[in-house]
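For reference, the structure is listed below as structure tokens.
The values are calculated or read from the model by the stated rules, or taken from the named source; none is laboratory data. For clarity, every value in this text was computed on a predicted model and none was experimentally measured. Every residue, glycine as well, gets a Cβ built from its backbone with ideal geometry; the counts of neighbours run over all protein chains shown. Side chains are part of the model used for accessible areas, which takes the heavy atoms of the whole protein and leaves out ligands, DNA and RNA. Shrake-Rupley method; radii C 1.70, N 1.55, O 1.52, S 1.80 Å.
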Amino acid sequence: MRDDKALHAYLDGELDAAASLELERAMAENPALRASYERMRELSAAVREKADYHPAPVRFEVSARRPRTWMLAPAFAMVLLAGIGLGVFLAQPRDDEALGADVVASHVRATLAGRLVDVPSSDQHTVKPWLSARLPFSPPVADLSQEGYALTGARLDYVAGQSVAVLVYKRREHVIDVFVSPAAREAAPSASARDGFNVARFARGGMRYWIVSDLNRNELDDFAKLLAR
Amino acid sequence: MLPHVDAAYNLARWLTRNDHDAEDVLQDAMLRAYRFFGGLRGEARPWLLAIVRNACWTWLQANRPAELAAVDDEPEADTPGPEALLARELDRRAVNQAIAALPVPFREALVLRELEDLSYKEIARIAGVPIGTVMSRLARARRLLMEALRPAASAPRLRVHK
């Protein structure tokens, strides 16, 4: 048994010099041990040559190729932080523009793929801890079932360079995505439309909310008001 | 970190055994990796693989708990098959199937060792187990593969417990 482990360690180049010598001597005297080792080595070679190696799909590779500078992590992080800081002061409208496009894209992707939620639950006490465990913040999860908006679950997404919680509600057959991420300041509710979807947004209580749905404007605004109360 | 995305995906793909779930798990792991980027110490590949490995186990616990049922890490008694294994004549499909059929802890050790060429120490850190456990798991993985790939593997074989 000890020999068996030693054979594997020897094969993997993990046996120290003294033990290697000892094992080589043992194999020279014991053809069965030698044969056992040869089989193991052959198996290892077969796995290396014949097992599939699965490279990442293109969508992961794209982000991998862009910044080789990830290797310069600290410098990059500082530039990034400076960029975010500048962005907050200088580029609020453009920032919102990009975020608006991203949240609508995420909504469309989720709907097309039929993958609306990572955690299916109508219970806010299930959804909230699930999200808190996976995000650096804890988004409020409101129960609006009394008002006719049923919580169906939540998912995680990555939009405009940050991780966000997406709460998924349903009104009749309309899916309503609520994107929640931390925000430095409050913002009054505002409404817009993009690609045929109605979008509402506001920020309060340290969180920014973007709401996307194909629900009609009036009901979506009602929903936003309920959420903001 | 990101240059190791292929290694990350390969591990996720072997642990979940299908593309769809591997992509989901990798997505989740990448979010974590971004979030904990400040915590990066030492080499990037083992660090990223540890995050991916944990994301896989979390996913398996939630979706396929049966696969994580406790396995015995202690190697069984040595029962060398008399016939020589003609590994080089095996076809890819047989090798892939045999690896996919391994219990998760053994599969994980094997993939990290043979496909990523990581050291016992690195595998121990990624899997969060002692080096001795890595050694036994690797030994078990190879023994199970050897049994599955025996020339007569198609014939049903009784497992003798001693």
Could you check segment A:109-154 and list, in sequence order, the residues that are of a type in the set (S, T, N, Q) and either buried (at least 18 other Cβ atoms within 10 Å of the Cβ) or under 30 Å from A:Arg59 (Cβ atoms) (or both)?
A:Thr111, A:Ser121, A:Thr126, A:Ser132, A:Ser138, A:Thr152
Residues that are more than 29 Å from B:Asp21 (Cβ to Cβ), of a type in the set (Ser, Thr, Tyr) and away from chain B (no Cβ under 14 Å): does segment A:114-133 have at least one?
no
State the number of residues belonging to segment A:1-54 that are in a loop (DSSP other than H, G, I, E, B), among the aliphatic types (A, V, I, L, M) and open to solvent by 20 Å² or more (accessible area, probe 1.4 Å).
2
Can you tell me which residue among A:Ala183, A:Ala224, A:Ala200, A:Ala187 is free of Cβ contacts under 8 Å to residues at least 24 places away in the same chain and either within 27 Å of the chain's Cα centre (by Cα) or surrounded by 14 or more Cβ atoms within 10 Å (Cβ to Cβ) (or both)?
A:Ala187
Segment A:34-56: number of residues that are more than 20 Å from B:Arg137 (Cα to Cα) and not aromatic (Phe, Trp, Tyr):
8
Quick count over segment B:88-123, residues being surrounded by fewer than 19 Cβ atoms within 10 Å (Cβ to Cβ) and in a helix (DSSP H, G or I), is 9
What number of residues in segment B:97-152 are away from every other protein chain (no Cβ under 12 Å) and under 13 Å from the mean Cα position of the chain (by Cα)?
8
Those residues that are more than 12 Å from A:Leu156 (Cα to Cα) and outside any helix (DSSP H, G or I), I need them from segment A:121-135; list them, please.
A:Ser121, A:Ser122, A:Asp123
